[in-house]
C-alpha cells in the first residue's frame, strides 16, 4: 500500500514537471524575440526540474540517492539564473539594434561610433 | 499489475516525452536566428538530459548514476558560461578593431 502511495506522489510530481517543460518548449517556439524566449526557457526549466526531481526523490531507493537528487536541485537553482543572466548580457552586448527594440535611452558606454 | 510494472511504465513514458522535447529544442537550436537563441536551446537540452539521467538511475535502481547527473549539471553550466564569454570577447575585439580602422582612415 505504501508503495502505491509513493508511486502516485511520484507520478503526480513527474506529470507536473513534464507539463512545465512542455510549456517552456511551447514558449520557446511562440515568442518572437530572444529575451522573451529566454524568459520562458529559464522559468520553465527551473520549475520543471524542481518538480521532476522532487517526484523522483520521493521514490528513491536509499537516502543517499535522495540527498544527491536534492543536491542537484540546489546546484541547478544556483547555476540556471547565472547562465540566464550571462545569455541576456550576451544578447544586449552583441545586438546593435537592441535600443530601438526596447525604446530605451542609449547608454554612453555602449555607444558605437557612427 | 504490481507496483514495479507501474513504475517502469511511468518512467518509460517520461523518457519518451523528454525525447520529443529534446528534439524540439534541437530544432530551435538549429533554426534560431541569433547566437543567444542557440545557447538558450542548448541550456534547455542540458536541463532535460539531467532529468533523463535521474529517471534512468531510478529505473535501473542504480543510485550512483545520479553522480553522473550532478557532473553533467556542472559541465553544462560551464559550457554556457564559456560560450557566452567567448562570443562576447570575440564581438568586442572585432568592434575595437573596426573602431581602430575607422580612426586611422
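Quick notes on this one:
- Rel. contact order, % - alpha carbon contacts under 8 angstrom, at least six apart, the stretch A:2-92: 32 percent
- Distance histogram in 10 Å bins (all Cα pairs of chain A, percent per bin): 13, 31, 26, 16, 9, 4, 1, 0
- The protein assembly as shown: calculated mean residue ellipticity at 222 nm from DSSP helix runs of at least 4, using -39500 (n - 2.57): -30500 deg cm²/dmol
- Once the mean of 1/r is taken over each pair of separate Cα atoms and inverted, chain B shows a Kirkwood hydrodynamic radius of 16.5 Å.
- Computed over the protein assembly as shown, the Cα gyration tensor eigenvalues convert (square root of 5λ each) into semi-axes of 41, 17, 13 Å, ordered from largest to smallest.
- Acute angle (nearest 10 degrees) that the helix A:2-30 long axis makes with the longest principal axis of chain A, alpha-carbon atoms: 20 degrees
- Label separation (residue A:70 vs residue B:94): 4.8 nm, computed from points 7 Å beyond Cα along the C-beta direction.
- Crossing angle, helix B:3-31 versus chain B [Cα axis fit, 0-90 degrees, rounded to tens]: 20 degrees
- 14 Å reach of a label modelled at residue B:82, 7 Å along Cα-to-Cβ, counting backbone N of the stretch A:58-102: none
- Cα-based helix-to-principal-axis angle, A:63-94 vs chain A, degrees rounded to 10: 10 degrees
- Cubic angstrom per residue, convex hull over Cα atoms of the stretch B:23-62: 48 Å³
Readers should treat all values here as calculations from the given coordinates under stated rules, not as data from a laboratory. Since we're looking at a predicted model, the values are computed, not measured. Neighbour counts are summed over all protein chains in view; Cβ atoms, including those assigned to glycine, are modelled from backbone coordinates with ideal geometry.
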